[in-house]
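Beneath this line is the structure, given in structure tokens, with notes to follow.
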Amino acid sequence: KKWSMLLRIPKVGARCWLAIWSAIMVLSLLSARAYGAPRTPSIHGSRSIPNLALMKLSAYHKARGDDVTWYLPLESYDKVYASKVFTDSHIERNNGMVVGGSGCGDLKKTLPPEIDEMKPDYSIYPDCDYSIVWFSRGCIRKCPFCVVRQKEGGIRPVDPKPLNPNSGYIVVQDNNFFANPQWHMAIADIILYGLPVTFQGVDVRGIENNQISALAHMRHHGQIKIAWDNPLENIMPDIKRLLAAIKAWRIMCYVLIGYWSTTAQDLRDKETALWADLHAGKQNLQIFDDRFIKAQVQGTQRGLRTSRRLDFQAVFLAEEPYWQSAILNSQTENVISVPHAFSVTNAGNAKTSPIVTVTANTTVTLAKLKHVGQDETMQYDLTLNTTDVLVIDVAAGTVKVNGANKLAGFSGTFWRLDPGLNSLEYDGTQPVDVKVEWRDQWE
């Protein structure tokens, strides 16, 4: 059931699979002043997967002299707290129950400052032998299956909370660790902890060589987890750069299926690519999407064992759903005043991913290109010097200046061109030259 829930893609924070067993966790408290002698705490739910909000609430109330225990439906309490992580999990709300978390329906609901600042109380999870740590909150991306950007906003550094006294390793829960502008300091903190580390997921799109080197030289608990979420992005070049520095058996690749893609794309663009480029090269990258797939492509049958955890078999036969024009369309606008409106036309009947190039003709401190019809904006906030060239490749999910990765300077959305006429608008520093390139795409 765990893995089928993962494949259902509930609207949760980015790769929050660690909380799958604690989708509903309820914490209750008893007032020592009202009930006299403290009662023996009881635990309901997972005792090994910690919930940060509940640990802070426990610490806050214990500091006030309250007894804290796990919720039992037939008991009476002064106050009951529930942390609901997933939107499709169910919880019976009692009168006075305080419910929070990304699954509660209010993404802007947060803990009061005096509670949020508390040191987590790991004692309510006596079997937990690791620490959960955040060095940043938010994300640079706006993946539609994820609520992180709505809930936490753009990426920003945060101070990590104290560790679990019984820690044997550290779980880094950052949504996009290397997009944090202070990731160097986070690496230094991890080294000072002196404990093995596991990341909930590393975004390898455009990962820099010094970041790969940092990963290679850390002590890891288990495998290094990466993800292939978007079938429209080819991350094989980044994976190959990763494998040049890190043995493939140390890497686990999570593959998101059934979202932004058809079955044919999943087979061709993900499993088939990983098989051909890695397994044929005697590498041993673990493709972890929990399926045994028998794929028949152009009359050739090939079995791909991607996991031993499930024993069912799926057989698919499908044609390629998209095709693109061989002609690369290009339109360049010389912007001398803002806002500068213009339009481009995708002659196909399916969305297509553009490449946007901004050439600075002066010192540029802000570059924004808005898709008016979608009300979505690509924005670059770092300084561009005269003649610098900014390239935003939507399909690849990369942002580069003069060929160097500058993803940390990007905010907004990697929007795509709709079929037909697309109204665009540049705003920011000028003069600049803005070039939009795209291929018409059909399905």
Subject >> Förster-model FRET efficiency, 22 Å R0, Ala326 and Lys351, C-beta, rounded to 0.05 >> reply: 0.75
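Rounded to the nearest 0.05, what FRET efficiency do Val98 and Ser123 give with R0 = 30 Å and r taken as the Cβ-Cβ distance? Could you check? Don't skip to the end; give the middle numbers.
Working: r = 21 Å, r/R0 = 0.70.
The formula returns an efficiency of 0.90 here.
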**OP:** Starting from the Cα of Thr110, step 7 Å along the direction of its Cβ; do the same at Val338; then give the gap between the two resulting points in nm.
**Re:** 2.8
**OP:** Within region 331-371, which residues have the backbone N less than 18 Å from the label spot 7 Å out from Ser423 along Cα→beta-carbon, could you tell me?
**Re:** 338-346, 369-371
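Quick check on the exposure proxy: order Glu114, Glu437, Glu443 from fewest to most C-beta atoms within 10 angstrom. Provide the component values of the computation, followed by the final result.
Working: Glu114 9, Glu437 16, Glu443 12.
Lowest count first: Glu114, Glu443, Glu437.
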Original post:
Efficiency by 1/(1 + (r/R0)^6): what FRET value for His217 and Gln150, r their Cβ-Cβ distance, R0 = 35 Å, to the nearest 0.05?
Top reply: 0.50
**OP:** At 0.36 nm per residue, minus the direct Cα-Cα distance, what do Lys247 and Asp78 gain on full extension? Give it in nm, one decimal, please.
**Re:** 55.5 nm
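Please grab the % of Cα pairs in region 109-263 that end up more than 28 Å from each other.
Numbers: 2869 of 11935 pairs.
More than 28 Å apart: 24 percent of the Cα pairs in region 109-263.
No lab work stands behind these numbers, since they all come straight from the coordinates. Since this is a predicted model, take the numbers as computed values, not measurements. Here Cβ is always computed from backbone atoms with ideal geometry, including for glycine, and neighbour counts include all displayed protein chains.
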